[in-house]
Amino acid sequence: MITGNCRTIILNKGSVEQKREEILSYFHKTFDIDKKLYNALAHNETYYLRPEPLRHPLIFYFGHTASFYINKLVMAKILDRRINPRLESMFAIGVDEMSWDDLDEKNYNWPSVEEVRAYRKEVRDCVTDIIKKMDMTMPITWDTPFWVILMGIEHQRIHLETSSVIIRRLPIEEVCDLWEICRESSLAPVNSLLPVPGGEVTLGKSFDHPLYGWDNEFGHHRFDVWDFKASKYLVSNQELLSFIEDGGYTTQRYWTEEGWNWLRYSQARHPLFWVEEEGRYCLRTMTKIIDMPWDWPAEVNYLEAKAFCNWLSEKQSKTIRLPTEDEWYRLRDLHDIPDQPYWEKAPGNINLEHWASSCPVSYFQFGKFFDIIGNVWQWTETPITGFTGFKVHPFYDDFSTPTFDTQHNLIKGGSWISTGNEATRDSRYGFRRHFYQHAGFRYVEAEQPLEQPQTMYEGDGAVSQYCEAHYGQEYFGVENFQKICAKICLEYMQGKPMKRALDLGCSVGRTTFELARRFEFVTGLDFSARFIRIAFQMQEKGIIRYQLPEEGKIVSFHEKRLRDFGLEATKSRVEFFQADALNLKPQFHDYNLIFAGNLIDRLIDPIAFLTNIHQRLQVGGLLVIASPYTWLEEFTKTQNWVGGFRRDGEPYTTFEGITDILTPHFAMRDQPQDIEFTIRETGRKFQHTVSQLSVWERSR
């Protein structure tokens, strides 16, 4: 239906020259189709509407997919310059409904559509040049530079779909026709349950897999699925209508507690994309309102799908629920469906190879079943988490981990607009249960008990280490580093205004809370959502849980509460955001104190940070820097080190470099002091480090 390359690249076949051309074509086709999607907006003003209150207006996503390339290429040190730092900061973060996302409109002075179009062209030209000139080796794997290019391409294809959902929620007068939708519709088929033999399901990619994958696809998982039955068809609009007419949206017993709370909040009486007109139902597609196609799949969120299953269970006196991820894979694997990009023609309504809409649930057959893949995504009972052996990618450490909170359920199978990685067998995407995508469901009758999601103990090694460093016990008589740094900051602030403080590189948040003992308000910023989500959890729930390695495979479990540190009262005086210390948004300014704890030697360009940080601080305010000056090429190129090298033949220390850079705007308050800290690796292995702390007062 849509011409162009929508299939992900096979990364282990072909010559370097062939692969370079393939990737260049894939990049250009991806940029083109992303651009074309926005032709559905009727006016420039439409870009600034916000039909989904939990997401940004479309102008953000128009810029976000382009800025992502630049931000990742800079992080990977493939690109040593930014194109537009203002836009690359504005468009960096705020995509999923994470609590630390900044969705406050007053913090955004959105650029014009024309400015973003011009920026996108610059990005396209820049990335094209990199693809043409960057060294390439075959095969392309997770740890090679071209993986970052593919990361940008596949990220853009995700947003092709998620932005189409936002467009679908715009007022109909704000959109115009774009692509051809399916015109076929008739009476819906009667659904039935068909047997599916159980068996072993094996999931997880190896790191030499020939296709690009996101971090949550790698590792290994094996599960024995019992025999079950699955619905022959996806649930159609006609089948869902029976639930509605039977009082499904007004009967509390069909809904989970979460679902009922959402229902009361949303006041929903039917699926989001159903439109009531003159006493009848119509359907909103991406750009049209059409007569209700009763044999198309019903599109709902997880909470609605779960309520339908509970209703059907009661009606049929059976154990009806949504399939698990393992059950969905068992059904798929039994039908030997070719994977994209290996198929000749998409075997289902997927990959934009058929229509720009759903189609009848009886159109694409797989054995005795229909729509095992394609048409709409299928909700599952499984909250997303990592497989055994999961690890984050160093250049996108927050793709998956923020969703490992038991609040995001997996959707499987892809929709009509799922392209690239989204349309592959191994793709794993999780969404909040009240979110809408182009998603529906099939149901199963199954006796196998569901594994209930447990209260999560943080198992990310680096994050757990910092949870213990911030909130755990003290070791070898070394006082808690975050606590003592905050104490020193507050001592130097005596007699000064203590209205606003900024904790840069706040990690999991202890110093932010400690500063809020005396400050009216404290903002904690960290580059990694892996850390910020722990800080926010401590603020929101007052408790964190994590596990620590003791010896070999033996771990210990830990629970820490904010009230244990006398910090409960500070929760209302702090906020946490994910941010890049080198490219902060304009609202982060006018502080009385800025604390940069163990930050500068992990920045790409600490000299630029030190040169410009005075702009964020009031005259008379304090900048407090703590760092062990552990300069490593993997974080900071040697030419950007502040010190730790010979200059004019003589040793030039980092403290001398800090002094030289800060002197035009700061005066040092006292001689620096050493602050020790420990990082626990295992029950018998620790890091012991000495950080140098210096205090600087802005003088001009």
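The values are calculated or read from the model by the stated rules, or taken from the named source; none is laboratory data. As the structure is a computational prediction, the values presented were derived from the model and not from experiment. No Cβ is skipped: glycine too gets one built from the backbone with ideal geometry, and neighbour counts run over all protein chains shown. What goes into the accessible areas is simple: the full protein's heavy atoms, side chains included, and nothing from ligands, DNA or RNA. Shrake-Rupley method; radii C 1.70, N 1.55, O 1.52, S 1.80 Å.
If you filter region 579-602 down to residues that are of a type outside the set (Lys, Arg) and over 27 Å from residue 692 (Cβ atoms), you find that the one that is least open to solvent (accessible area, probe 1.4 Å) is 587.
Here 234, 272 are screened, and the one residue that is touching a Pro at 6+ places or on another chain (Cβ under 6 Å) and either open to solvent by 10 Å² or more (accessible area, probe 1.4 Å) or in contact (Cβ under 8 Å) with a residue 12 or more places away in the chain (or both) is 234.
Hey, does region 578-585 have a residue that's more than 28 Å from residue 494 (Cβ to Cβ) and either of a type in the set (A, V, I, L, M, F, W, C) or at pLDDT 95 or above (or both)? Talk me through it step by step, then tell me what you get.
Residues of region 578-585 more than 28 Å from residue 494 (Cβ to Cβ): 578-580, 582-583, 585.
Going one step further and asking which of them are either of a type in the set (A, V, I, L, M, F, W, C) or at pLDDT 95 or above (or both), we end up with 579, 582.
Yes, some residue in region 578-585 is more than 28 Å from residue 494 (Cβ to Cβ) and either of a type in the set (A, V, I, L, M, F, W, C) or at pLDDT 95 or above (or both).
Taking the criterion of being assigned to a loop (DSSP other than H, G, I, E, B), modelled with pLDDT under 95 and either among the hydrophobic types (A, V, I, L, M, F, W, C) or open to solvent by 10 Å² or more (accessible area, probe 1.4 Å) (or both), the residues of region 395-433 that qualify are 395, 397, 398, 399, 404, 405, 406, 407. Test residue 626 against the criterion of being touching a Phe, Trp or Tyr at 6+ places or on another chain (Cβ under 9 Å), part of a strand (DSSP E or B) and surrounded by fewer than 18 Cβ atoms within 10 Å (Cβ to Cβ), and give yes or no. The answer is no for residue 626.
Among the residues of region 136-155, those that are of a type outside the set (Val, Ile, Thr) and either open to solvent by less than 10 Å² (accessible area, probe 1.4 Å) or assigned to a helix (DSSP H, G or I) (or both) comprise 146, 147, 150, 151, 152, 154, 155.
If the condition is being outside any strand (DSSP E or B), of a type outside the set (D, E, K, R) and open to solvent by less than 10 Å² (accessible area, probe 1.4 Å), then region 287-305 contributes 293, 296, 298, 300, 301, 303, 305. Within region 542-593, the set of residues being closer than 29 Å to residue 684 by Cβ and outside any strand (DSSP E or B) comprises 552, 553, 564, 565. One residue stands out among those in region 1-49 that are in contact (Cβ under 8 Å) with a residue 24 or more places away in the chain, open to solvent by 50 Å² or more (accessible area, probe 1.4 Å) and assigned to a loop (DSSP other than H, G, I, E, B): the one that is nearest to residue 181 (Cα to Cα), which is 1. When 172, 130, 158 are checked against the criterion of being open to solvent by 10 Å² or more (accessible area, probe 1.4 Å) and without any contact (Cβ under 8 Å) to a residue 60 or more places away in the chain, a single residue qualifies: 130. Candidates in region 629-659 are the residues that are under 32 Å from the mean Cα position of the chain (by Cα) and among the aromatic types (Phe, Trp, Tyr); of these, the one that is most open to solvent (accessible area, probe 1.4 Å) is 635.
Within region 237-265, the residues that satisfy the criterion of being over 30 Å from residue 388 (Cβ atoms) and open to solvent by 50 Å² or more (accessible area, probe 1.4 Å) are 238, 242, 245, 246, 250, 252, 253, 257, 261, 264, 265.
Among the residues of region 668-700 satisfying the criterion of being open to solvent by less than 40 Å² (accessible area, probe 1.4 Å) and out of contact with any helix residue (DSSP H, G or I) (no Cβ under 8 Å at 6 or more places or on another chain), which is nearest to residue 643 (Cα to Cα)? Per the criteria, the residue is 689. Within region 496-528, the residues that satisfy the criterion of being open to solvent by 10 Å² or more (accessible area, probe 1.4 Å), without any contact (Cβ under 8 Å) to a residue 60 or more places away in the chain and assigned to a strand (DSSP E or B) are 521, 526. Taking the conditions exactly as written (part of a loop (DSSP other than H, G, I, E, B) and either among the aliphatic types (A, V, I, L, M) or open to solvent by less than 30 Å² (accessible area, probe 1.4 Å) (or both)), does residue 167 satisfy them or not? Taking the combined requirement at face value, the residue does not satisfy it.
Give region 23-62 a look and list any residue that's of a type in the set (Val, Ile, Thr) and within 25 Å of residue 9 (Cα to Cα), or say none. 23, 30, 33 - these are the residues of region 23-62 that are of a type in the set (Val, Ile, Thr) and within 25 Å of residue 9 (Cα to Cα). On the stretch given as region 178-219, residues that are among the β-branched types (Val, Ile, Thr), surrounded by fewer than 16 Cβ atoms within 10 Å (Cβ to Cβ) and assigned to a loop (DSSP other than H, G, I, E, B) total 1.
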